[in-house]
Amino acid sequence: MADTLEFNEIYQEVKGSMNDGRLRLSRQGVIFKNSKTGKVDNIQASELAEGVWRRVALGHGLKLLTKNGHVYKYDGFRESEFDKLSDFFKAHYRLELAEKDLCVKGWNWGTVRFGGQLLSFDIGEQPVFEIPLSNVSQCTTGKNEVTLEFHQNDDAEVSLMEVRFYVPPTQEDGVDPVEAFAQNVLSKADVIQATGDAICIFRELQCLTPRGRYDIRIYPTFLHLHGKTFDYKIPYTTVLRLFLLPHKDQRQMFFVISLDPPIKQGQTRYHFLILLFSKDEDISLTLNMNEEEVEKRFEGRLTKNMSGSLYEMVSRVMKALVNRKITVPGNFQGHSGAQCITCSYKASSGLLYPLERGFIYVHKPPVHIRFDEISFVNFARGTTTTRSFDFEIETKQGTQYTFSSIEREEYGKLFDFVNAKKLNIKNRGLKEGMKQSYDEYADSDEDQHDAYLERMKEEGKIREENANDSSDGSGEETDESFNPGEEDDDVAEEFDSNASASSSSGDGDSDRDEKKPAKKAKIVKDRKPRKKQPESKKGKDPNAPKRPMSAYMLWLNANREKIKSDHPGISITDLSKKAGELWKAMSKEKKEEWDRKAEDARRDYEKAMKEYSVGSKSESSKTERSKKKKKKQEKQTKGKVEKKSAASKSLSSTKSTAKNMSESFKSKEFVSSDESSSEESKKEDSEEEGVASLPPSSEESASGSD
């Protein structure tokens with residue numbers, strides 16, 4: 001038989017919620033690791049008292065009871081795995097894995113049994129349901145009635161908050177069955193009562209999450225935060241991890257307490273308690289215990305009188321009471337020498353700390369990501385500027401975290417850190433230079449959408465369009481020098497050679513200057529058909545109806561001022577991000593309201609466009625007629641010009657013959673009769689003064705006198 005058994009996708013029931021993880025059974029005991037929190041429950045084989053196999057909602061379940069009264073429930077097993085588990089329990093734990101079915105009669109009258117930290121409601125010998133008393137937050141009594149209230153389960157859509165038991169009166173004198181029932185519940189319930197004096201008190205500590213100044217009272221089993229508005233009582237059993245992180249300015253320290261389940265205030269959940277300390281602040285602390293009790297309880301980890309920095313005293317006391325290690329940053333050092341990286345997460349700026357086994361971001365909102373839950377990381381170009389980049393982390397559950405606006409100088413250090421931790425890098429190969437060509441990433445992730453690749457393609461298209469626009473602009477300046485006699489093939493070849501020459505660094509400036517005029521002229525010819533396209537845009541009618549806005553844009557215009565008031569001083573970029581998050585989180589019913597408004601706007605636009613197109617058609621017909629008329633006039637003027645040129649040629653020949661002959665006398669009558677010969681010649685003579693002043697030949701004068 002195998003020494004170990006491993007099961008994946010097993011669910012552990014803790015305070016009403018089902019946490020998935022991995023279960024491992026070995027000779028030494030039972031180990032369960034929570035996939036969500038990374039918390040490990042270890043049950044020694046010597047502590048096991050009973051094992052029960054039964055049918056549950058998620059298939060089959062295993063219930064383990066320990067000798068000290070603790071109960072552990074694991075669901076998600078298959079029916080075929082019973083024999084394997086039963087043999088393993090017999091061989092290694094010397095326990096019989098008993099099969100017990102739940103009672104499904106539907107009766108509500110039975111017997112309550114208290115066993116360890118479990119309340120079992122039984123009918124006969126079969127249990128109907130069981131309540132772990134650690135789930136109980138309050139227990140109240142009435143006449144023949146006991147009411148149990150439970151902690152709210154944030155992971156479930158519906159939570160059981162209250163159960164009432166009717167307890168019939170008995171004839172026994174001196175014993176109240178209702179009070180006895182309540183005392184049994186309260187002895188094991190998770191009800192925090194501040195009895196006795198606090199071990200020590202820290203006054204007016206600055207707390208970032210939840211925000212405010214709080215007095216922290218340290219009790220043996222829980223931590224009491226007392227503020228001006230709210231009070232929080234935090235059992236030490238809910239503390240998962242402790243972090244002590246130096247601020248980037250090297251003058252302050254963060255002390256972070258990770259909680260599961262979180263503390264609640266209304267609908268707000270605080271998974272992290274973040275305290276901010278100044279390194280210069282010192283304190284002298286005296287514990288409210290005698291030296292023997294301190295030595296016996298803390299075994300040298302604390303003394304009755306202590307002094308030092310305030311953050312050291314708080315972290316030291318918490319470490320001793322919670323009995324957990326304090327996590328500090330590892331060997332990572334950023335570009336500035338700090339152990340953290342300045343970045344932005346969502347709409348807030350904060351600090352990202354690369355740790356030995358994960359990343360933690362402080363402070364708003366705090367995020368802790370373990371290496372074992374990371375699927376891959378991705379380095380992406382910043383969306384607003386090339387001086388920064390984004391660091392994206394995607395977990396195995398599909399959750400994505402994007403830390404943006406990281407300085408470019410931090411890239412090498414962060415990449416080396418991620419590489420050393422052997423995390424899967426999605427766009428590996430970027431370390432050699434941030435300006436990698438996107439072609440190199442074309443087939444790196446064929447089955448996944450690469451946001452970085454898409455951005456690079458978009459930027460390439462924008463640069464190409466800008467280059468085309470600038471070349472069109474330069475072509476318009478050289479229209480007058482354009483030579484239409486050149487061939488298209490030569491234009492294309494020379495344009496290509498110029499483009500390659502200008503991009504290469506080896507060509508001289510003089511060569512470029514010589515080629516520029518030809519290039520400009522030829523680009524004009526190449527782009528000539530394209531230049532006619534924007535004419536419609538330039539001549540766009542300002543009276544034309546405007547396109548309707550989408551549902552999102554209508555919502556954004558209506559809520560922009562509200563977002564600004566809720567987040568004073570927010571930048572335009574961050575406002576857009578925040579609006580996108582709010583829109584994404586909006587319910588389907590609210591979105592449908594804005595979709596209807598967008599649909600109404602679209603209908604109005606289509607109606608207006610129909611009316612506008614009817615009017616524009618009549619105008620276009622008028623313009624067509626005017627264009628035809630203009631063309632006709634141009635043809636007539638062209639014919640007149642040709643006639644004038646022919647007349648000027650004949651007159652120039654008569655001028656050359658007149659130079660060889662002597663000038664003849666021209667009388668008033670001749671001139672007047674010559675000028676009044678025809679209306680058309682009169683117009684031509686008046687337009688061409690040089691032609692009108694030429695003297696006629698002798699033959700013409702003779703014919704005129706006749």
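The values are calculated or read from the model by the stated rules, or taken from the named source; none is laboratory data. Keep in mind the model is a prediction, meaning the values are calculated, not measured. Every residue, glycine among them, receives a Cβ derived from its backbone with ideal geometry; neighbour counts consider all protein chains shown. Accessible surface areas use protein heavy atoms only, side chains included; no ligands, DNA or RNA. Shrake-Rupley method; radii C 1.70, N 1.55, O 1.52, S 1.80 Å.
Of note:
- Remark: L351 falls outside the filter, which requires a residue to be under 30 Å from I201 (Cβ atoms) and without any contact (Cβ under 8 Å) to a residue 60 or more places away in the chain.
- Annotation note: Cβ proximity below 9 Å between a residue of the stretch 215-230 that is at positive phi and open to solvent by 20 Å² or more (accessible area, probe 1.4 Å) and a residue that is among the β-branched types (V, I, T) and outside any strand (DSSP E or B) (sequence gap 6+ or interchain) occurs for no pair.
- When the stretch 310-321 is filtered for residues that are surrounded by fewer than 20 Cβ atoms within 10 Å (Cβ to Cβ) and in contact (Cβ under 8 Å) with a residue 40 or more places away in the chain, only K319 remains.
- As for the stretch 227-250, it holds at least one residue that is more than 30 Å from S349 (Cα to Cα) and in contact with a Ser or Thr (Cβ under 7 Å, 6 or more places away or on another chain).
- Looking across the stretch 27-55 at every residue that is hydrophobic (A, V, I, L, M, F, W, C), in a strand (DSSP E or B) and surrounded by fewer than 18 Cβ atoms within 10 Å (Cβ to Cβ), the one that is modelled with the lowest pLDDT is identified as V40.
- Some residue of the stretch 328-343 being modelled with pLDDT of 90 or more, open to solvent by less than 40 Å² (accessible area, probe 1.4 Å), of a type outside the set (V, I, T) and under 14 Å from the mean Cα position of the chain (by Cα): yes
Per-residue answers, yes or no, for (1) modelled with pLDDT of 85 or more; (2) surrounded by 12 or more Cβ atoms within 10 Å (Cβ to Cβ); (3) not assigned by the TED database to the domain that holds Q267:
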position: E130; (1), (2), (3): yes, yes, yes
position: H151; (1), (2), (3): no, yes, yes
position: S159; (1), (2), (3): no, yes, yes
position: E162; (1), (2), (3): yes, no, yes
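- Taken as a whole, the condition of being farther than 30 Å from L575 by Cα, open to solvent by less than 60 Å² (accessible area, probe 1.4 Å) and assigned to a strand (DSSP E or B) applies to L285.
- The stretch 363-394, subset open to solvent by less than 10 Å² (accessible area, probe 1.4 Å) and farther than 19 Å from H335 by Cα, residue nearest to the chain's Cα centre (by Cα): I393
- Scanning the stretch 67-96 for residues that are surrounded by 18 or more Cβ atoms within 10 Å (Cβ to Cβ) and without any contact (Cβ under 8 Å) to a residue 60 or more places away in the chain yields F89, Y93.
- Just one of the listed residues (L245, L240, L275, L208) is in contact (Cβ under 8 Å) with a residue 12 or more places away in the chain, more than 30 Å from T147 (Cα to Cα) and touching a helix residue (DSSP H, G or I) at 6+ places or on another chain (Cβ under 8 Å), namely L275.
- The listed residues are L5, L64, and the only one of them that is closer than 27 Å to I131 by Cβ and surrounded by 15 or more Cβ atoms within 10 Å (Cβ to Cβ) turns out to be L64.
- Top-ranked residue in the stretch 566-612 [being under 19 Å from K346 (Cα atoms) and open to solvent by 80 Å² or more (accessible area, probe 1.4 Å); ranked as modelled with the lowest pLDDT]: G569
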